[in-house]
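Structure, as structure tokens:
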Amino acid sequence: MTIDSGVGRDRRTEGGRRTAWGLVTAWLVTLAFAACASPESGEQAVGAGEVADLVILGGRVMDPETRLDAMRDVAVSDGRITAVAEGGVAGRDTIDASGLVVAPGFVDLHAHGQDTVSAKLQALDGVTTALEMEIGVYPMAEWVASREGTAPIHFGATVSHPGARVKLITGVDVGHSTMTPPGEASAFESEAVYGALDDDQLLELNGLMASGLQEGGLGIGFGITYTPGASRTEIYRAFQLAAAQGAPAYVHIRGENSGGTLGAFQEVIANALATGASLHIVHMNSSADEMARTTLEMIRGARERGIDITTESYPYTAGSTRIESALFDSWEGLTDEEYSRLQWSGTPERLNAESFRRYREQGGWVVIHGRNEETNEWIVAQPDVIVASDGIPYLYTAIHPRGAGTYSRVLGHYVRERGALSLMDALAKMTILPAQRVEGFAPVMARKGRVQVGADADLTVFDPETIIDRSTYADPAAPSEGVMYVLVEGTAVVRDGEIVPGVYPGQPITSGTR
């Protein structure tokens, strides 16, 4: 595997940042791709005498949307794919992809690690777009501005319902709450999350979130289990706002102590049905656990009856969150054996009743063990369950392996070693399915998750025989192996399996971006 000098230089610096497309709908994007392609193959070579910026040579191109799986050369110019062809393409720079898969860059809908350290680990796992869709951020505009020019991969977020709620009650802007540094108060500790809102406050809350959508929020992010003061009326009114704005709702459902697992799923599915809002339920593996088969049956039934609903999972049997959060309110009074499911992050320590109370007062991240692998593998194998990492930030400390190893774990362990699903189906769950989830509200995503002429050159090139996760609960920040090249709009951020230093081509993905 070789790469010539200068691959993927950020050519936007030569003439200013490239402007986004004009307004198009999804079907016009499809027509545009078709107009550029040959009717027989859906592929096109650059014109005679033209030389591309970069050509990826001789790779196994896999495009889940068209189901193309063939040896092809891929040409890239000005950040876009200009040809997917059987030879005859010239480029100023080349990548030898012999023996490698050339796939769309992976799109993570659930990446709490919105920082450069976390983004580099995700790039080594094949991710080119990392979005914070669960808890989201508030306020929106300031957060987007703070990340521009510092991102190796694309970034974006929903408007945070918990963050807007804290702002309404306390006047405090919590920013990106999951980025809370050690020693600082978490937004989840605030008594504001337990207070009930009256009708006037609900209107004001919706106004705050509507402003966030106008500032580029990709939908509304709910962490309902973290805001037990939010009534079912409050959540329903927020779904009404989402529907009115055409924005999806991304939801961490209520805890099982608030009507049981099925009741929590039924609440948000009913809200989607009653309001017409699009719904995405995050990490169904941890939210549903042993009820996974029933809850996925509910989700599929709702979809068959016209509700726009999707869900996701990460390929691990342990979760992670902050121990001081409301999620653990129902954990008081358990036995030492029950508390031993909890592992203090960054250490091998398992908790007991005494340490649970002590750490809950102190605050910090904890790993939650206890789900079974049989159910975990079954969920990973489902073709309509999107892969999403739920990765915790690595900026201050390493907490959970999923932020570094999710995508390589699916491809290496579950596809190659276990044969739980096909390589094409796994790639669809990482690329076209999450891109389609977002593109209705952010049309720029209609150019991502694809290896097609006219698509953005967000590409992941990996070795299907060696790709594997190396991060563990003991070493959560160990980078994955087997991802050889990652391009973000044609700029190499991973080269020969290593991060390219000082390269930050990532762009904000915001509502209305084209």
Along the range 65-80, Karplus-curve 3J(HN,Hα) (6.51, -1.76, 1.60; θ = phi - 60°) to the nearest Hz, with x for Gly and Pro, reads 5, 8, 6, 4, 9, 7, 6, 8, 9, 10, 9, 10, 9, 6, x, 10
Given H placed 1.01 Å from N in the peptide plane, which residues other than close sequence neighbours of THR94 have an amide H under 5 Å from its amide H? ASP4, VAL55
Loop-located GluC sites (Glu not before Pro) in the range 405-514 whose Cβ has at most 15 other Cβ within 10 Å (DSSP): GLU465
Contour minus end-to-end for ARG67 and ASP199, with contour as 0.36 nm per residue of separation and end-to-end as the Cα-Cα distance? 42.5 nm
Whole-number accessible area per residue in Å² for the chain, which is evaluated in the context of all protein chains at 1.4 Å: 36 Å²
Suppose each label sits 7 Å from its Cα in the direction of the beta carbon; what would the ASN372-THR116 distance come out to in nanometres? 4.6 nm
Cα to Cα, under 18 Å, and not fewer than 8 places away if on the same chain: which lysines meet these conditions relative to LYS448? LYS429
Dipole magnitude (debye, nearest 20) for the range 355-444, charges at Cβ of Lys, Arg, Asp, Glu: 360 debye
Would you mind counting up the charge near ARG470? Only other residues with Cβ under 11 Å from its Cβ, with Lys and Arg at +1 and Asp and Glu at -1. -3
Backbone HN-Hα couplings from phi across the range 98-103 [Karplus 6.51/-1.76/1.60, Hz, Gly and Pro as x]: 4, x, 10, 8, 9, 10
Could you tell me the calculated FRET efficiency between GLU297 and ALA145, based on Cβ-Cβ distance and R0 = 45 angstrom, to the nearest 0.05? 0.55
May I ask you to derive the relative contact order of the range 199-330, considering only C-alpha pairs under 8 Å and at least 6 residues apart, and to give it as an integer percent? 23 percent
Pick out, from THR233, THR375, GLY263, the residue whose Cα sits farthest towards the positive end of the charge dipole of the chain, with +1 on the Cβ of Lys and Arg and -1 on the Cβ of Asp and Glu. THR233
Hey, what did the chain get for relative contact order, percent, Cα under 8 Å, at least 6 apart? 22 percent
Per the helix-only calculation at 222 nm, which mean residue ellipticity applies to the chain, given -39500 (n - 2.57) for every DSSP H run of n ≥ 4 and division by its residues, nearest 500 deg cm²/dmol? -8500 deg cm²/dmol
Measure off 7 Å from each Cα along the Cα-to-Cβ vector at ALA274 and GLU86, then give the distance between these two points in nanometres to one decimal. 5.7 nm
Mind giving me the nanometre distance, one decimal, between the label points for ASP78 and LEU334, set 7 Å out from Cα along Cα→Cβ? 5.7 nm
Could you please state how large a percent of the accessible area of the range 225-314 is carbon and sulfur, counting protein chains only and using a 1.4 Å probe? 46 percent
The range 350-430, accessible surface, carbon-and-sulfur percent (1.4 angstrom probe): 45 percent
Please list, by residue number, everything in the range 297-326 whose backbone N is under 17 Å from a paramagnetic label point 7 Å out along Cα→Cβ of THR397. 319-325
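The values are calculated or read from the model by the stated rules, or taken from the named source; none is laboratory data. Bear in mind that the values here come from a model prediction, so they are computed numbers and not experimental data. Please note: Cβ atoms are built from the backbone with ideal geometry, for glycine as well, and neighbour counts cover all protein chains shown. We work out accessible area using only protein heavy atoms, side chains counted, and drop any ligands, DNA or RNA first. Shrake-Rupley method; radii C 1.70, N 1.55, O 1.52, S 1.80 Å.
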